[in-house]
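Structure first, commentary second.
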Amino acid sequence: MKFWSVSTRRLLMLLATSALLLGIPAAATAFAGSATSGTGWIRLAHLSPNTPAVDVYMYSFDDSKAMIVLHHVAYGTVSPYESVRAGDYSVAMRAAGASATSQPVLSTSVTIAAGHAYTVAGMGPESGLRLQVMDDALTTPTGQALVRVIQASLKQQEVKVTLGSTVLSNSLKFASVSAYQAVTPGAVSVTVSAVSAGAGDANSSVTLAAGTVHTLVVLDGASGLEVVSLEDASGSGKPPLGGVQTGFGGTAAHGPGSPVPWLVVIGAGSLLALTGGLRLRRNRQLTVRI
Amino acid sequence: MPTRRPAAALALAAGLVVIAGGTTGLLLTRHSTPAMHPVAAGVAALPAPTGPIVAPPQSAAPKPVAAPVSLTIPLIGVRTNLMTLGLASDGELQVPLLSMASVAGWYTGSPRPGSIGSAIIVGHIDTTRGPAVFYRLNTLTSGDKIYVKRADGTVVEFRVTSVQTYLKDHFPTEDVYGPVPDPELRLITCGGAWDPATHHFLSNIVVYATEVG
């Protein structure tokens, strides 16, 4: 930016302003897509226990018209993933029902790379509310599942999370996210317990298939802890090796067949004819002598 | 020895006949067979199947979806039941037998169409004699519609986002089979050049589609 001359900057501002005034709907709508078509994924979440419901807006960079608006998103809500073109976006939160043009409570920018997925979540206590951008995993070690934990319980500042006999975290602090852990596929029980005594454990069960990515969200429930299991992404647990042999060649171009068999036939015929011819000649000579 | 003459003459005549036959055969097989090409899409467009279109779940815990039973791609005249396919002993994806080349199959190791993830459906491009179920797959373009009917009678609609051709030697396993966070579909068939040495096509065509929500 610092290399731009003042006039260039002024020109760019003018262009941007006129684009907005003319209402050019640059990327105005979310559209379906995947990694191969230059798109990534984003989902939005409200994970701040004592923050009232919010409206969440997502804007494409330099576009004042929101491309995604989620109304009245309450604590504990995680949206499905939306597929969006790779690029720069901003996410803003306003109090539920506030005017779309009002000053947001908070906002953040997020760069979406093609083939990557992100979770943008309102985290922390209301007094220290922040929007956190998480980079979500989309690849698993072959034959395994990935699991991580978001700790969004304010009442229990530190929790221990176990998955079957595997300890995912001994002491996960409020408003933090654990690293992904690769686990053996199967149906397992999830147990979340407060590190300091005072609250009952939260139990759940989750089926983790190979090739899937999961997020466990620890929440403040009506009474005590709650745990929500999200299946973030899924693929083939056992990816087939290589390509797929799906054709028998009936519509393919074929070159001429090998000439060898026909040449052998011609050779055999020649041999036969030659033998016959020679015999015939010798017989004639014998006949003449007699 | 005059009795030998007919035998020798017969051998000579037979030899000449064989030479003539062999030469004819050789000449008749000197031409190449050109490749067949699918005609542009739009022929005999099938109506979209009836049944409720199921929107993707909005809740945190999506309901499990039923197994897929049939596939319809109106634009290219595909309407087929779906068989189930697993992995062969060598780790490659199983494909329908030649006698079942008019039927496509769902890989049971992939997610069910309409649930989160990349569901895999494969079909043959041709038989030994002519076109098979996915002959026109590579004529699909972005935006074209694909319908999958499931065992509970519900129909899930997908829209094509991209059509790619990959050399089998450089098949992008992660892009095709790897996890994705929304309901997607990949249709796979063969394409590219035919290798007479291995009796396989050298490339795969992959159609990427996502659920219309």
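The values are calculated or read from the model by the stated rules, or taken from the named source; none is laboratory data. Note that this is a predicted model, so its numbers are computed, not measured. So basically every Cβ, Gly included, is an ideal-geometry build from the backbone, and we count neighbours across all protein chains shown. All accessible areas refer to the heavy atoms of the entire protein, side chains included, with ligands and DNA or RNA removed. Shrake-Rupley method; radii C 1.70, N 1.55, O 1.52, S 1.80 Å.
A few comments on the model shown:
- For chain B, modelled as a GNM whose springs connect Cα atoms under 10 angstrom apart, the maximal fluctuation among B:93, B:187, B:26 occurs at B:26.
- Annotation note: trypsin sites (Lys or Arg not before Pro) in region A:209-290 located in DSSP loop regions with a Cβ neighbour count of at most 15 within 10 Å are absent.
- Average projection area in nm² (convex hull over Cα atoms of region A:176-263, one quarter of hull surface): 11.4 nm²
- Each Lys or Arg adds one and each Asp or Glu subtracts one; over the other residues with Cβ under 15 Å from the Cβ of residue B:202, this totals -2.
- List A:67, B:36, ordered by accessible area with a 1.4 Å probe, largest first: B:36, A:67
- Altogether, the Stokes-Einstein calculation at 20 °C and 1.002 mPa s, with the Kirkwood radius of region A:107-206 over Cα pairs as Rh, returns a diffusion coefficient of 142 µm²/s.
- For chain B, fraction of C-alpha pairs farther apart than 27 Å, in %: 41 percent
- With 0.36 nm allotted per residue and the present C-alpha distance subtracted, the residue A:184-residue A:281 stretch has 26.2 nm of extension available.
- Taking max minus min of the alpha-carbon positions on each principal axis, region B:150-213 gives extents of 44, 24, 17 Å, largest first.
- The Cβ shell under 10 Å around residue A:192 holds other residues with a net charge of -1, Lys and Arg each +1, Asp and Glu each -1.
- Pairwise Cα distances in the protein assembly as shown exceed 28 Å in 64 percent of cases.
- Extending 7 Å from the Cα toward the beta-carbon at both residue B:88 and residue A:253 defines two label points whose distance is 2.7 nm.
- Neighbourhood net charge (11 Å Cβ-Cβ; Lys/Arg +1, Asp/Glu -1) for residue B:159: -3
- Accessible surface for residue A:93 stands near 10 Å², nearest 10, in the context of the full protein assembly shown (1.4 Å probe).
- The orientation-averaged projected area of the convex hull spanned by the Cα atoms of region B:102-149 comes to 4.2 nm².
- Interface B:A - total buried accessible surface [probe 1.4 Å, Å², rounded to 100]: 5700 Å²
- Spatial separation of Cα centroids for region A:164-198 and region A:88-144, in angstrom: 23 Å
- Among beta bridges from DSSP that stay inside chain B, the antiparallel ones total about 75%.
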